[in-house]
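Enquirer: My questions all concern the structure below.
The values are calculated or read from the model by the stated rules, or taken from the named source; none is laboratory data. Please read all numbers here as calculations on a predicted model, not as lab measurements. Cβ atoms come from the backbone with ideal geometry, glycine included; neighbour counts cover every protein chain shown. For accessibility, only protein heavy atoms count, side chains too; no ligands or nucleic acids. Shrake-Rupley method; radii C 1.70, N 1.55, O 1.52, S 1.80 Å.
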Amino acid sequence: MTGSTATGETTTSDGAARPRQLAMVFDLNKCMGCQTCSIACKVLWTREEGEEHHWWMSVNTQPGLGTPKDWESMGGGWRDGQPVPGHQPTRAEFGGGWKFNHQDVMFGGKGRQTHLQPVDTGDGTTRWGMNWDEDQGGGTYPNSYYFYLPRLCNHCTHPVCVSACPSGAMYKRAEDGVVLRDETVCQGARFCMEACPYKKISFNYVRGVAQHCIACFPRLEAGVAPACARQCPGRLVFVGDAADPHGPIHRLVHDWQVALPLHEEYGTGPNIFYVPPLSPARLNDDFSIDEETPRIPPEYLESLFGPRVHAALDRLRSELATVRSGGTSELLDTLIVYHWNELFGPYTTDPSTLDRSPERVAVQLGPTANRSS
Amino acid sequence: MVSLTLSDLSGAADPGDPADPAWAGVPAVTVPLAPVPVDAQPNAYIRASWADRPYGRTPTADVAAATVGDRLLLRLSWEGSGEAPGEFPDACGALFPGGQGPALPATMGSAEEPVTLWQWRDRTEAQQQAQPAARHLVARGPGVFRPAAGGGELSAAALRTGGRWAVVLSGPRDVLGDDARVAVAVWDGPSDERAGIGAVSAEWAAVVR
Ligand code: SF4
Ligand code: SF4
């Protein structure tokens, strides 16, 4: 049996008490890059002034330079127990948040001279944006390849962002390990942005505060899964407590070991895990099929998910072979997700069943509560 | 110890404006500034990031002090680095130990000896709609700043002439407390200076009434 204690721990079948930790698994074999997760987050949390360029959830084509541009070369994280200096991602490196020339094209009589396009503000922000390098990928024809990588704050076990904040605005809350920031305390110093090796913190230049994924904590508190997970049409985002030994996350990460953290070498102990993508076989020069070699180079996947990715892919391939030859696979059944709510652990409440009257929402969420998803 | 004499600017047209001619008659003192020591920075991340990177690039600031009724006005002026603007704004501040306070302002207070910080940051009009350019903080170390509870209304006006800033900070005079001392700090935005990464007065200046 699994239970929970008053101190926010999960007691597991072996009697051990582990701190509860919100975790997610994204099955990259099912992600189609539709950006519904990104939009669900955007609509819910970052629609206000100063948040135009914020994508707390972002989906990028891999290989690619990502969001912000070339984030994997920006440093941060921990090495040998010491924080690693990082680069402060600039507004131009995030790009996006564009204003378009609607006025000229639609109403200004210039519809024949110009087309709808972002207005160049001279600060470089129109030369990059979330998902700028969509579907470019890698390899050469006929062995081109790409896949999609959804990214959000990893709500890390060792959050270097929290350690780097001088004012004590950031914290990891005890009840579920979600990493948050008290925006009334944040001074906008942005050491967190430099220190986060995943570069998943954005700056609100209007309000002068840093902001990042809050794991939809008001939804979690009402038993509702985060918007990115619940809205995903691919039904590939598992949400739950990493310490629950019977939950799919624990099984995928620890038992079957097919879900891996991104860039584990960054040292922050991420709690977002990925089932790495299988890929079709390579084609030889004469267009015959090379069954032995996957089109996505395994060494590239290793650069993202570490050396354990090879065993994870082998495991997935062997389970597929078992099913193809008439056998059964609990692992594949788990990844198929026959019933939607199997994804969401304890967070299966349908938000439409909650009291969402304006008065109730205002009490729950405070002044920024006039939002729906 | 440097001393600053308070002038009475009650008769000035707009003493909150750094360009008001009345400030020409207020004696200004040139205060030497020094980088906040890297060893005093509040966490390992900041110490590691700035150990080999120069900061606190503003060598001096000119300070003049005045009163208008129960308001204290400080006019700070300094030469900016002139480098292209980056991610961080130019900023300045005045530190007040209040009562006893730390012996030196070099670390912007400490957990045991917090100091009051009036800070101004270069913010656009749109940014000021969301958060004013002046903010009233409690400093408990370099960059260990929190919003002050209460503390009265703080305002600021700034003027840039060529590469030189002039800023008037105006707040309640009782911030001086019994032991009227003040220090100033300057952050050079283009050099990514902010929080505890900046230049602060080497010692307190006495405020003479
Ligand atoms: S991903 Fe970055 S912002 Fe999120 S907890 Fe980890 S270090 Fe902090
Ligand atoms: S909503 Fe789901 S399928 Fe669409 S991009 Fe996000 S994770 Fe991928």
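Enquirer: In region B:174-198, what residues are buried (at least 17 other Cβ atoms within 10 Å of the Cβ) and of a type outside the set (A, V, I, L, M, F, W, C)?
Expert: B:ARG181, B:ASP188, B:GLY189, B:PRO190, B:SER191, B:ASP192, B:GLU193, B:ARG194, B:GLY196, B:GLY198
Enquirer: Continuing with the same structure: Please specify each residue of region A:153-164 satisfying the condition of being more than 8 Å from chain B (Cβ to nearest Cβ) and away from ligand 2 (no atom under 16 Å from the Cβ).
Expert: A:HIS155, A:CYS156, A:THR157, A:HIS158, A:PRO159, A:CYS161, A:VAL162
Enquirer: Can you tell me which residues in region A:216-247 are basic (Lys, Arg) and crowded, with 19+ Cβ neighbours inside 10 Å?
Expert: If the condition is that a residue be basic (Lys, Arg) and crowded, with 19+ Cβ neighbours inside 10 Å, then A:ARG219, A:ARG230 are the ones that fit.
Enquirer: What about A:ASP255, is it at pLDDT 95 or above, surrounded by fewer than 21 Cβ atoms within 10 Å (Cβ to Cβ) and among the acidic types (Asp, Glu)?
Expert: yes
Enquirer: Output the residues belonging to region B:127-158 that are more than 9 Å from chain A (Cβ to nearest Cβ) and outside any loop (DSSP other than H, G, I, E, B).
Expert: Hits for region B:127-158 are B:GLN128, B:ALA134, B:HIS136, B:VAL138, B:ALA139, B:SER155, B:ALA156, B:ALA157, B:ALA158.
Enquirer: Also: For region A:56-102, name all the residues that are β-branched (Val, Ile, Thr), surrounded by fewer than 22 Cβ atoms within 10 Å (Cβ to Cβ) and more than 13 Å from chain B (Cβ to nearest Cβ).
Expert: Answer for region A:56-102, where residues must be β-branched (Val, Ile, Thr), surrounded by fewer than 22 Cβ atoms within 10 Å (Cβ to Cβ) and more than 13 Å from chain B (Cβ to nearest Cβ): just A:THR61.
Enquirer: Tally up the residues in region A:182-201 that are under 21 Å from B:ILE197 (Cα atoms) and away from every other protein chain (no Cβ under 11 Å), please.
Expert: Going through region A:182-201 one residue at a time, the tally reaches 1.
Enquirer: Looking only at region B:159-169, decide whether some residue is under 16 Å from the mean Cα position of the chain (by Cα), farther than 23 Å from A:GLY208 by Cβ and not in a loop (DSSP other than H, G, I, E, B).
Expert: Taking every residue of region B:159-169 in turn, at least one turns out to be under 16 Å from the mean Cα position of the chain (by Cα), farther than 23 Å from A:GLY208 by Cβ and not in a loop (DSSP other than H, G, I, E, B).
Enquirer: Can you find even one residue in region A:225-234 that is within 16 Å of ligand 1 (Cβ to nearest atom) and either out of contact with any His (no Cβ under 8 Å at 6 or more places or on another chain) or closer than 26 Å to A:CYS161 by Cβ (or both)?
Expert: Yes: region A:225-234 contains one or more residues that are within 16 Å of ligand 1 (Cβ to nearest atom) and either out of contact with any His (no Cβ under 8 Å at 6 or more places or on another chain) or closer than 26 Å to A:CYS161 by Cβ (or both).
Enquirer: Take residues that are surrounded by fewer than 22 Cβ atoms within 10 Å (Cβ to Cβ) and tell me which of the strands (runs of 3 or more DSSP E) falling wholly in region A:267-307 contain 2 or more.
Expert: A:281-283, A:289-294
Enquirer: Still on this structure, I have one more. In region B:90-124, what count of residues is obtained for those that are on the phi > 0 side of the Ramachandran plot, modelled with pLDDT under 95 and within 11 Å of another protein chain (Cβ to nearest Cβ)?
Expert: So the count comes out to 0.
Enquirer: Which residues, taken from region B:45-73, are more than 14 Å from chain A (Cβ to nearest Cβ) and either out of contact with any Leu (no Cβ under 9 Å at 6 or more places or on another chain) or open to solvent by 40 Å² or more (accessible area, probe 1.4 Å) (or both)?
Expert: Matches in region B:45-73: B:PRO54, B:ARG57, B:PRO59, B:THR60, B:ASP62, B:VAL68, B:GLY69, B:ASP70, B:ARG71.
Enquirer: Quick check on my filter: what residues within region A:195-215 are out of contact with any Phe, Trp or Tyr (no Cβ under 8 Å at 6 or more places or on another chain), closer than 23 Å to A:ILE272 by Cα and not aliphatic (A, V, I, L, M)?
Expert: Once the filter is applied, which keeps residues that are out of contact with any Phe, Trp or Tyr (no Cβ under 8 Å at 6 or more places or on another chain), closer than 23 Å to A:ILE272 by Cα and not aliphatic (A, V, I, L, M), region A:195-215 yields A:CYS196, A:PHE203.
Enquirer: Taking the condition of being in contact with a Pro (Cβ under 6 Å, 6 or more places away or on another chain) and open to solvent by less than 30 Å² (accessible area, probe 1.4 Å), how many residues in region B:111-136 meet it?
Expert: Of the residues in that region, 2 qualify.
Enquirer: Ok, one more. Of everything in region B:74-89 that's more than 14 Å from every other protein chain (Cβ to nearest Cβ) and closer than 13 Å to B:GLY198 by Cα, which residue is modelled with the lowest pLDDT?
Expert: The qualifying residue modelled with the lowest pLDDT is B:SER81.
Enquirer: State all residues of region B:184-206 that are more than 14 Å from every other protein chain (Cβ to nearest Cβ), within 16 Å of B:TRP78 (Cβ to Cβ) and assigned to a loop (DSSP other than H, G, I, E, B); if no residue qualifies, say none.
Expert: Of everything in region B:184-206, those that are more than 14 Å from every other protein chain (Cβ to nearest Cβ), within 16 Å of B:TRP78 (Cβ to Cβ) and assigned to a loop (DSSP other than H, G, I, E, B) turn out to be B:ASP188, B:ALA202.
Enquirer: Conditions first: (1) touching a strand residue (DSSP E or B) at 6+ places or on another chain (Cβ under 7 Å); (2) surrounded by fewer than 16 Cβ atoms within 10 Å (Cβ to Cβ); (3) on the phi > 0 side of the Ramachandran plot. B:GLY162 passes all but one, so which condition is the exception?
Expert: All conditions are met except number (1).
Enquirer: For region A:114-152: of the residues being within 14 Å of another protein chain (Cβ to nearest Cβ) and surrounded by fewer than 16 Cβ atoms within 10 Å (Cβ to Cβ), which is nearest to ligand 2 (Cβ to nearest atom)?
Expert: A:GLY124
Enquirer: Related question: Does A:GLY137 satisfy being over 30 Å from A:PRO276 (Cα atoms) and under 27 Å from the mean Cα position of the chain (by Cα)?
Expert: It is false that A:GLY137 is over 30 Å from A:PRO276 (Cα atoms) and under 27 Å from the mean Cα position of the chain (by Cα).
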